[in-house]
Amino acid sequence: MPTVDDILEHIGEFNSFQKQTFFLLALLSASFTPIYVGIVFLGFTPEHRCLRPGVAELSLRCGWSPAQELNLTVPGPGPAGEAFPRQCRRYEVDWNQSALGCADPLAGLAPDRSHLPLGPCRHGWEYDTAGSSIVTEFNLVCANSWMLDLFQSAVNMGFFIGSVGIGYLADRLGRKLCLLVTILINAVSGVLMAVSPTYTWMLIFRLIQGLVSKASWLIGYILITEFVGLSYRRTVGIVYQMAFTVGLLVLAGVAYALPHWRWLQFTVTLPNFCFLLYYWCIPESPRWLISQNKNADAMRVLKHISRKNGKPMPPALQSLRPDDEAGGKLSPSFLDLVRTPQIRKHTLILMYNWFMSSVLYQGLIMHMGLAGSDLYLDFFYSALMEFPAALAILLTIDRIGRRYPWAGSNMVAGAACLASAFIPDDLQWLRVTASCLGRMGITMAFEIVCLVNAELYPTFIRNLGVLVCSSLCDIGGIITPFLIYRLADIWHELPLVIFAVLGLIAGGLVLLLPETKGKTLPETIDEVEKMQR
């Protein structure tokens, strides 16, 4: 009996139905950008200074109004390892002494200001920015700066929990149902975050967004790869991820036009309500229906695709091959990801590669951003670098295969990080070149791991396999800030050396996986076990 791939060869592997579905799901991919990297604009930290402390006689004598600010904070970043940056402190002196002058009150106190006692800012901060962010609204600086890290960790923790839990439900209850539910929850929580009155409520809604948003993006990815034929599967997988890159460019423009975080959050959330219309536009995956022994429902979906594509289905193909596994419908289990030797090897290697890709991808952005001058332009140019990476994938993986470009991109990223660590500062052009190669290499690796992950699992655990393995990406996102900022205190280039080691190891492990070029999506565990042979 025919398989889904056999039928798609006759009714269209990438015709009107698949093109319309791909366009709709690509919009969903682009909308995920503000959640994944939106912290860059929602939580930007401008230059800040302590507000003028309470000064009585000095204020009257010098003619200062209550709204004016007297910058009495301690200049300079302070030594490495200091609990708080020196600019978060102010001089603890008696400002009401009659001997103090208006021009420079500190001049009459001590010839060497390093001997003056220091204390925390007690009257708030003044920010050097025309817009607003969660940092400026909730004063997440100095002693409270850890709350910004918690904000980002919350969404990554949500990614981690949601990937595993919703991945299981998507394989159990269906792709379409879970997609629509996650879209609705994401839209509602995004709006509630935009109107949150306190930091705590904002953090809760950000966590909820993390729980559903990444799972929604990956379900969309699984759906489009299951709707198209074999010869188009890799192209739609890569271009679906390129839609995320387009989202990066759009986000930079929207953030520049709306420098106030509440309006920005509200604006990037509203399109999610439109995605609920997909209930009438996107059917359930026929491959998933077959894996649940719902062959009649799967055939109805395939006939719908046939009508949309204008290609009649031959009578000989109007029956589907039942699943070769045990008689009843198959229920996904976490044990299926490690029960058999080949799938267990796939799971472990894919987990490591997801983790490494996340650490290098986010880490290189943070490391380059430390010396950035223009937030919006730096973000825009960084996003542009992802297009050559996607083009390189499209030009190589059908000619060479998946394994060698994947392994090579990991090794290029690792080697570029290692080179950047030892290039002298006076060779700035060479450091920039190495950084660009590293960013392109890890972007290429990140996109290939998502493509190959779906090709290495049978249908009934495919969604679960992708979401469980990709959950290691979220663990990487949680620890990356600590790798960057803590290790840099020891040696500024130490994070790059760590990145290099991670990338080179990943390149070697990829070579242990089977080549999936030209192979149909496996339907059963037995087919996966035979892939290596």
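Step by step: first the residues of region 121-168, then only those that are of a type in the set (V, I, T) and part of a loop (DSSP other than H, G, I, E, B), then the one that is most open to solvent (accessible area, probe 1.4 Å). Which residue is that? Ranking the qualifying residues of region 121-168, first place goes to T129.
Per-residue answers, yes or no, for (1) surrounded by fewer than 21 Cβ atoms within 10 Å (Cβ to Cβ); (2) modelled with pLDDT of 90 or more:
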| position | (1), (2) |
| --- | --- |
| V236 | no, no |
| Q241 | no, no |
| V246 | yes, yes |
| L251 | no, yes |
| P259 | yes, no |
| Q265 | no, yes |
| L270 | yes, yes |
| F273 | yes, yes |
| L277 | yes, yes |
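Here F499 fulfils each of the conditions (1) open to solvent by less than 50 Å² (accessible area, probe 1.4 Å); (2) farther than 23 Å from A416 by Cβ; (3) part of a helix (DSSP H, G or I) apart from (2). Selection over region 123-155 of residues that are in contact with a Cys (Cβ under 9 Å, 6 or more places away or on another chain) and not aromatic (F, W, Y) gives a count of 7. A residue that is in contact with a Lys or Arg (Cβ under 8 Å, 6 or more places away or on another chain) and either modelled with pLDDT under 75 or β-branched (V, I, T) (or both) occurs nowhere in region 12-33. If you check I505 against the conditions, is it assigned to a helix (DSSP H, G or I), at pLDDT 85 or above and surrounded by 18 or more Cβ atoms within 10 Å (Cβ to Cβ)? Against the criterion (assigned to a helix (DSSP H, G or I), at pLDDT 85 or above and surrounded by 18 or more Cβ atoms within 10 Å (Cβ to Cβ)), I505 does not qualify.
Out of region 169-190, which residues are open to solvent by less than 60 Å² (accessible area, probe 1.4 Å), assigned to a helix (DSSP H, G or I) and not basic (K, R)? Of everything in region 169-190, those that are open to solvent by less than 60 Å² (accessible area, probe 1.4 Å), assigned to a helix (DSSP H, G or I) and not basic (K, R) turn out to be A170, D171, C178, L179, L180, T182, I183, N186, A187, S189, G190.
Could you run through region 439-463 and say how many residues are basic (K, R) and either open to solvent by 10 Å² or more (accessible area, probe 1.4 Å) or within 25 Å of G414 (Cα to Cα) (or both)?
1
The rows are residues; the columns are (1) more than 30 Å from D5 (Cα to Cα); (2) among the hydroxyl-bearing types (S, T, Y); (3) at pLDDT 85 or above; (4) surrounded by 14 or more Cβ atoms within 10 Å (Cβ to Cβ).
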position	(1), (2), (3), (4)
K308	no, no, yes, yes
P314	no, no, no, no
H346	no, no, yes, yes
L395	no, no, yes, no
N410	yes, no, yes, yes
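The values are calculated or read from the model by the stated rules, or taken from the named source; none is laboratory data. A quick note: this is a predicted structure, and the numbers were derived from the prediction, not measured. Here the Cβ is made from the backbone with ideal geometry for all residues, glycine too, and neighbour counts use every protein chain on show. The area values use the complete protein model at the heavy-atom level, side chains included, leaving out ligands, DNA and RNA. Shrake-Rupley method; radii C 1.70, N 1.55, O 1.52, S 1.80 Å.
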